[in-house]
2 protein chains.
Amino acid sequence: MITLEVSLGERSYPIHIGGGLLGRADLLQPHVRGQHAVIVTNETVGPLYAARVEAALASLGKTVRVVTLPDGEAFKNWETLNLIFDALLRAGADRKTTLVALGGGVVGDMTGFAAACYMRGVPFVQMPTTLLAQVDSSVGGKTGINHPLGKNMIGAFHQPRAVIADIEALQTLPPRELAAGMAEVIKHGAIADAGYFEWIEQHIQALNTCDPELMALAVQRSCEIKANVVAQDEREGGLRAILNFGHTFGHAIEAGLGYGEWLHGEAVGCGMVMAADLSLRLGFIDVQTRARLRRLVEAAMLPSVAPELGTERYIELMKVDKKAEAGSIKFILLKKLGDAFITTVPDADLHATLQHAILKPPAEATVA
Amino acid sequence: MITLEVSLGERSYPIHIGGGLLGRADLLQPHVRGQHAVIVTNETVGPLYAARVEAALASLGKTVRVVTLPDGEAFKNWETLNLIFDALLRAGADRKTTLVALGGGVVGDMTGFAAACYMRGVPFVQMPTTLLAQVDSSVGGKTGINHPLGKNMIGAFHQPRAVIADIEALQTLPPRELAAGMAEVIKHGAIADAGYFEWIEQHIQALNTCDPELMALAVQRSCEIKANVVAQDEREGGLRAILNFGHTFGHAIEAGLGYGEWLHGEAVGCGMVMAADLSLRLGFIDVQTRARLRRLVEAAMLPSVAPELGTERYIELMKVDKKAEAGSIKFILLKKLGDAFITTVPDADLHATLQHAILKPPAEATVA
């Protein structure tokens with residue numbers, strides 16, 4: 001087991017990464033105070049792992065309840081969040097109750113937001129079971145739900161007390177979910193570490209089959225990069241925005257198709273290809289770098305061709321992105337591989353990228 | 001105009017108290033950044049004052065929108081909160097948008113919670129127009145909504161950028177609302193300043209008719225007491241709980257009768273009489289002090305006889321209070337007039353208080 005730390009003063013917390021961690025009461029023990037613990041999971045993950053976590057908590061003498069949510073991004077809304085509040089109130093859960101998020105990014109985001117709001121804030125622990133959640137959403141304290149008019153529009157910054165990432169849980173992950181997580185892994189290389197990007201390129205086949213040793217290394221390096229960025233900018237005042245590389249386009253794809261049609265990671269994969277194209281048009285990266293990003297996204301079994309929503313619809317959807325200010329859309333672009341920055345862009349280049357993005361790969365070699 | 005400060009490090013903010021402040025652009029100017037400002041008000045207050053605030057914001061060059069909520073505690077729920085989110089998203093409100101809460105405690109609590117959650121946090125300004133909001137709910141950053149199973153169960157700590165309390169707005173307040181605010185004024189004397197309590201006793205008739213000079217003094221002294229407690233314990237780790245004097249009983253009354261039946265301040269008024277009775281039974285205060293509290297509550301036109309919900313129902317309702325821990329109910333009691341503390345109490349004394357509370361005043365002179 002490897003343990004990293006997210007350094008946030010009194011809100012600092014450990015990230016434990018390794019195999020067989022879901023049943024480890026010793027890892028939960030320092031972070032679960034009070035008498036009540038409530039495991040929040042979904043109908044897919046619960047049957048696989050909830051009993052293991054429940055037993056670990058029970059062995060610590062806790063009163064444990066399990067709340068099982070429907071599975072999927074389409075349920076990341078107030079109605080589902082309210083299932084958690086209902087269960088907490090019916091159970092008489094007090095201010096010292098600890099919530100445990102057992103599942104992927106949706107479960108983690110919703111459980112974290114429920115913890116942020118229940119009685120104005122109770123502690124929670126992240127036990128991410130998907131690659132996306134392990135390398136990205138479980139670290140950093142961003143929590144929230146979707147609104148029909150925008151993704152993650154309602155939420156809070158609420159740091160977990162610990163993140164416990166059990167690599168073995170990834171073995172049961174459907175290939176499409178694994179690929180979606182790889183999008184964030186690729187992102188970390190692209191925005192912060194060209195050497196890591198190259199390492200992913202070299203090992204993408206083994207990572208696609210979830211090789212345990214390589215996967216543990218990827219989770220570790222990605223968590224290091226994310227923890228480092230979060231420690232410098234907890235509430236996204238500046239630097240942290242680079243973690244949204246591919247997300248401005250990605251969120252528009254998700255919203256435009258309807259949440260749940262493409263997985264978040266799939267939309268981010270395609271969004272990174274689009275952001276690389278825009279970076280090229282603005283003269284920051286060369287054709288080869290754009291091609292490397294596209295090839296790696298495709299090698300990770302992620303879509304690289306954007307859905308045809310129409311240019312105006314894309315722009316309309318991006319204007320409600322949280323990074324937008326006074327109607328001007330902010331993009332995270334690559335200065336070079338391993339180095340990202342936030343900027344606005346000329347309309348003409350944005351239109352060109354949006355038109356190019358829906359073309360099939362043969363158009364890749366040149367700037368359209 | 002008097003200006004106090006709530007000292008919370010980088011979250012410190014001013015409280016301006018005086019007449020004619022609602023139209024003062026100079027008071028809003030330092031706190032409204034960005035291009036968008038959204039005034040949240042209700043259908044009672046909006047027609048009286050929204051145009052004035054709108055004009056002040058427009059004079060600063062802001063794009064201003066007004067969201068009008070239905071009036072009343074019964075609407076302090078997710079559905080109404082979502083009206084604010086809908087309006088913000090439809091208006092394309094960005095992260096720098098400032099919300100302005102123009103109204104009473106319900107508008108302030110909901111606007112503050114919307115500001116806490118919209119895009120994970122935007123700034124807001126409190127412009128309280130009721131006495132209760134001016135002396136209590138607008139100061140201290142407690143925000144939230146009710147859940148069918150408990151009051152203020154879903155919320156956040158989110159400090160405003162400024163509180164602008166226009167004393168003139170109290171002139172249009174219905175007598176019942178003014179009395180409800182007086183409950184919190186009496187509370188501040190009871191828990192923190194016996195001299196202030198005596199001053200309220202002396203001036204209660206003039207305060208009941210909203211004498212502007214006396215009322216400005218009451219708002220000032222109450223805000224000083226509240227700001228001082230909040231500065232010492234922002235997130236209610238200990239001391240701040242004393243501000244809930246009368247609230248454990250009061251919340252049970254509100255929930256038991258159905259939110260909106262009694263005003264919050266009415267329930268708190270009666271709850272303080274009950275808490276004083278319990279303080280007497282536990283040997284902390286004498287019969288005279290209990291009688292002074294009851295007389296002042298009654299002189300402020302507030303109910304002092306509790307509704308007959310049944311002892312078991314009261315206890316059940318109090319067990320879901322946010323201060324409860326592992327099923328044990330916490331009470332704020334008086335050590336003496338001007339000095340409060342948090343404690344658990346023996347069942348027998350609690351039962352005696354609950355039985356005594358529903359009796360009419362002639363029973364006051366003795367411990368039943």
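Each reported figure results from applying straightforward, stated rules to the coordinates on display, with no laboratory input. Here the structure is a predicted model, which is why all the values come from computation and not from measurement. We place every Cβ from the backbone using ideal geometry, glycine too, and count neighbours over all the protein chains shown.
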**Fill in**
Here the correct list, in nm and shortest first, of distances from B:G72 to the same site in the other copies, label points 7 Å along Cα→Cβ, is 3.8
**Principal-axis tilt of helix A:247-257 within chain A, Cα atoms, nearest 10 degrees** = 80 degrees
**Fill in**
For segment A:230-368, shape from the Cα gyration tensor axes a ≥ b ≥ c, cut at a/c of 1.5 then a/b versus b/c, turns out rounded
**Request:** Compute the separation of the alpha-carbon centres of segment A:279-345 and segment B:14-61 and state it in Å as a whole number.
**Result:** 39 Å
**Asked** Between A:E308 and A:R95, what is the FRET efficiency for a Förster distance of 41 Å, r being their Cβ-Cβ separation, to the nearest 0.05?
**Response** 0.25
**Request:** Could you compute the FRET efficiency for B:L149 and A:F341, with r as their C-beta to C-beta distance and R0 at 51 Å, rounded to 0.05?
**Result:** 0.60
**Nearest 10 degrees, 0 to 90: helix B:78-90 Cα axis against chain B principal axis** = 10 degrees
**Prompt:** At B:G9, label 7 Å along Cα→Cβ: distances to the other copies, nm, ascending?
**Reply:** 0.3
**Message:** Around B:P346, under 15 Å between beta carbons, what's the net of Lys plus Arg minus Asp minus Glu among the other residues?
**Reply:** -1
**Fill in**
Lys pairs in segment A:2-172 with Cα under 26 Å (8 or more apart in sequence, or on separate chains) total 6
**Item:** Percentage relative contact order, segment A:175-365, counting C-alpha pairs under 8 Å, at least six apart
**Value:** 27 percent
**Fill in**
Share (percent) of C-alpha pair distances in the protein assembly as shown greater than 44 Å works out to 30 percent
**Prompt:** For A:A291, which inter-copy label distances result when the label point lies 7 Å beyond Cα on the Cα-to-Cβ vector, reported in nm to one decimal and in ascending order?
**Reply:** 9.6
**Prompt:** Angle, helix A:175-192 long axis vs. longest principal axis of chain A, Cα atoms, 0 to 90°, nearest 10?
**Reply:** 70 degrees
**Request:** Could you calculate the FRET efficiency of A:N82 with A:D286 from 1/(1 + (r/R0)^6), where r is the beta carbon distance between them and R0 is 60 Å, rounded to 0.05?
**Result:** 0.75
**Cα gyration tensor shape of segment A:302-345, rounded if a/c is under 1.5, else prolate or oblate by comparing a/b with b/c** = oblate
**Request:** Express the relative contact order of segment B:3-144 as a whole percentage, based on alpha carbon pairs under 8 Å and six or more residues apart in sequence.
**Result:** 22 percent
**Item:** Amide hydrogen neighbours beyond the local backbone of A:E325, cut-off 5 Å, H modeled
**Value:** A:K330
**Prompt:** If you average the sequence gap of Cα pairs under 8 Å that are 6 or more apart and divide by the length of segment A:125-278, what percent do you get for the contact order?
**Reply:** 25 percent
**Prompt:** Could you put A:E184, A:E198 in order, starting from the residue whose Cβ has the fewest other Cβ atoms within 10 Å?
**Reply:** A:E198, A:E184
